[in-house]
Amino acid sequence: MRIGVIGTGRIGTIHARTLSRHREVGSLILTDVDPVRAQELANRLGETAAPSTEEIFKWGVDAVVITTATSAHAELIGRAARSGLPVFCEKPIALDLPGSLQAIAEVETAGTILQMGFQRRFDAGYTGAREAVRSGRLGRLHTVRAMTSDQTPPPAAYLPISGGLYRDTLIHDFDMLRWVTGHEVVDVYATGSDAGPAMFREAGDIDTAAAVLTLDDGTLATTTAARLNGAGYDVRMELAGELDQVVVGLDDRTPIASTEPSGPPAATKPWTGFLERFAPAYEAELIAFVEVVVGQRTNPCDGREALQALRIAEACEVSRREHRPVRLAEIAGALPYS
Ligand SMILES: NC(=O)c1ccc[n+]([C@@H]2O[C@H](COP(=O)([O-])OP(=O)(O)OC[C@H]3O[C@@H](n4cnc5c(N)ncnc54)[C@H](O)[C@@H]3O)[C@@H](O)[C@H]2O)c1
């Protein structure tokens, strides 16, 4: 099959490399608003670059992978759907709810496939946590603590187009909260701080965020995110139940040192970033997409799932801005999901 990859930045490079090595994928057409960037990646992978997105559709492909800046996702999803093409798109589905709903409507009207890039659904740790919850081994969950801390901030130019810390980063933790527990968030109380590097204040964003979330079964969850965590890239989720508790992301590379005399030794090679920490999951989700395209498996994360995570992020933005708890029911765009 031939796949078009639109957007050849950080994550587009990773996905294009995975697809380029895949035995079901005969060739790729790569494109980017920066054609030099697309051409350089095409040269490295032995693939073809197109001068613009239009050629992807004109030259003909069997599927499209969208890894552009988030602001372009919704329009490109619609464009691909109208061409009858299956799409893999990076998270979030769009920067806002109207854009997300429009993209979902286009896909559903066309009857095509949209798989969203929530790669943690393919991570061994999160998969294990989901199994532990679903098996009943933990008993009734009382608390979930989720966190994502970047070691180094993204480039300053990325911030104004990222959608902000909740939509860009914590959206992964929101998706995991739903996917691992099998429960919906009913309300949130969120806050944030811009006391760190000036570029976040200048972009109107925050560099640190925290939220308390209540799930529909009464489980309480907390999530935190930080853009500058010198010790390393730290992604964890602790799930505590009446019978047992488990943690995702605690291994010999977790960037935290115990102050206990008999505690575990500090990591000698802490995780440095998402591309390294989630490399196997990024690969697995693209392999899954090829399987979805050829009809060998069902879609692991559709647009409606991505919409739910975005609605939680939106609720957090409202809560932070208005300094009050926000019920998910207040946030527009609720759609039934499977
Ligand atoms: N799943 C994850 O863990 C993860 C991690 C990082 C980024 N992302 C998502 O991936 C997307 C890209 O992020 P990134 O970090 O690779 O950013 P990036 O800035 O490194 O790359 C984005 C690329 O898209 C290009 N581009 C922008 N608009 C375009 C358009 N309309 N048509 C064609 N090309 C266009 C840019 O020139 C750039 O090369 C974002 O939506 C982001 O949220 C997901």
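The values are calculated or read from the model by the stated rules, or taken from the named source; none is laboratory data. A quick note: this is a predicted structure, and the numbers were derived from the prediction, not measured. Here Cβ is always computed from backbone atoms with ideal geometry, including for glycine, and neighbour counts include all displayed protein chains.
For a quick check of your reading of the model, give me the residue pairs whose first member lies in the range 3-15 and is in a helix (DSSP H, G or I), whose second is near the ligand (Cβ under 8 Å from one of its atoms), with beta-carbon atoms closer than 6 Å and at least 6 apart or on different chains.
11/67; 11/90; 12/67; 14/282; 15/67
Considering only residues of the range 2-34 that are within 20 Å of residue 54 (Cβ to Cβ) and among the small types (Gly, Ala, Ser), which is farthest from the ligand (Cβ to nearest atom)?
27
Assigned to a helix (DSSP H, G or I) and at pLDDT below 95 - does that describe any residue in the range 161-180?
yes
For residue 62, only one of the following conditions fails: (1) touching a residue at least 40 places away in the same chain (Cβ under 8 Å); (2) under 23 Å from the mean Cα position of the chain (by Cα); (3) surrounded by fewer than 23 Cβ atoms within 10 Å (Cβ to Cβ); (4) more than 8 Å from the ligand (Cβ to nearest atom). What is its number?
Evaluating residue 62 over (1) touching a residue at least 40 places away in the same chain (Cβ under 8 Å); (2) under 23 Å from the mean Cα position of the chain (by Cα); (3) surrounded by fewer than 23 Cβ atoms within 10 Å (Cβ to Cβ); (4) more than 8 Å from the ligand (Cβ to nearest atom) leaves (2) as the failure.
Under 8 Å between Cβ atoms, at least 6 apart or on separate chains: pull out the pairs that start in the range 150-168 with a residue that is farther than 13 Å from residue 200 by Cα and end on any residue that is in a helix (DSSP H, G or I) and near the ligand (Cβ under 10 Å from one of its atoms).
From residues that are farther than 13 Å from residue 200 by Cα, the pairs are 150/169; 150/274; 167/70; 168/70.
Which residue pairs have Cβ atoms closer than 8 Å, lie 6 or more positions apart in sequence or on different chains, and pair a first residue in the range 86-101 that is closer than 17 Å to residue 158 by Cβ and in contact (Cβ under 8 Å) with a residue 60 or more places away in the chain with a second residue that is surrounded by fewer than 22 Cβ atoms within 10 Å (Cβ to Cβ) and among the aliphatic types (A, V, I, L, M)?
Between residues of the range 86-101 that are closer than 17 Å to residue 158 by Cβ and in contact (Cβ under 8 Å) with a residue 60 or more places away in the chain and residues that are surrounded by fewer than 22 Cβ atoms within 10 Å (Cβ to Cβ) and among the aliphatic types (A, V, I, L, M), the close pairs are 90/11.
In the range 65-76, which residue that is β-branched (Val, Ile, Thr) and modelled with pLDDT of 95 or more is farthest from the ligand (Cβ to nearest atom)?
Step by step, filter the range 65-76, then rank; the result is 65.
Of all residues in the range 73-102, count the ones that are of a type in the set (Gly, Ala, Ser) and crowded, with 21+ Cβ neighbours inside 10 Å.
Going through the range 73-102 one residue at a time, the tally reaches 5.
Filter the range 304-338 for residues that are among the aliphatic types (A, V, I, L, M) and farther than 24 Å from residue 208 by Cβ and give the result.
Once the filter is applied, which keeps residues that are among the aliphatic types (A, V, I, L, M) and farther than 24 Å from residue 208 by Cβ, the range 304-338 yields 306, 307, 329, 332, 334, 335.
Between a first residue in the range 193-222 that is touching a residue at least 40 places away in the same chain (Cβ under 8 Å) and of a type in the set (D, E, K, R) and a second residue that is surrounded by 18 or more Cβ atoms within 10 Å (Cβ to Cβ) and in a strand (DSSP E or B), which pairs have beta carbons less than 8 Å apart while being 6 or more apart in sequence or on different chains?
Close Cβ pairs (under 8 Å, with a partner that is surrounded by 18 or more Cβ atoms within 10 Å (Cβ to Cβ) and in a strand (DSSP E or B)) amount to 207/226; 217/141.
Of all residues in the range 73-94, how many are over 22 Å from residue 19 (Cβ atoms) and in contact with a Lys or Arg (Cβ under 7 Å, 6 or more places away or on another chain)?
Qualifying residue count for the region: 0.
What's the number of the only condition in (1) away from the ligand (no atom under 14 Å from the Cβ); (2) part of a helix (DSSP H, G or I) that residue 120 fails to meet?
Only one criterion is unmet by residue 120, namely (1).
When the residues of the range 87-113 are narrowed to those that are outside any helix (DSSP H, G or I) and small (Gly, Ala, Ser), which ends up farthest from the ligand (Cβ to nearest atom)?
My answer is 111.
Assuming residue 231 fulfils every condition listed in (1) touching a residue at least 40 places away in the same chain (Cβ under 8 Å); (2) surrounded by fewer than 18 Cβ atoms within 10 Å (Cβ to Cβ); (3) not in a loop (DSSP other than H, G, I, E, B) apart from one, which condition is it?
Of everything listed in (1) touching a residue at least 40 places away in the same chain (Cβ under 8 Å); (2) surrounded by fewer than 18 Cβ atoms within 10 Å (Cβ to Cβ); (3) not in a loop (DSSP other than H, G, I, E, B), residue 231 misses just condition (3).
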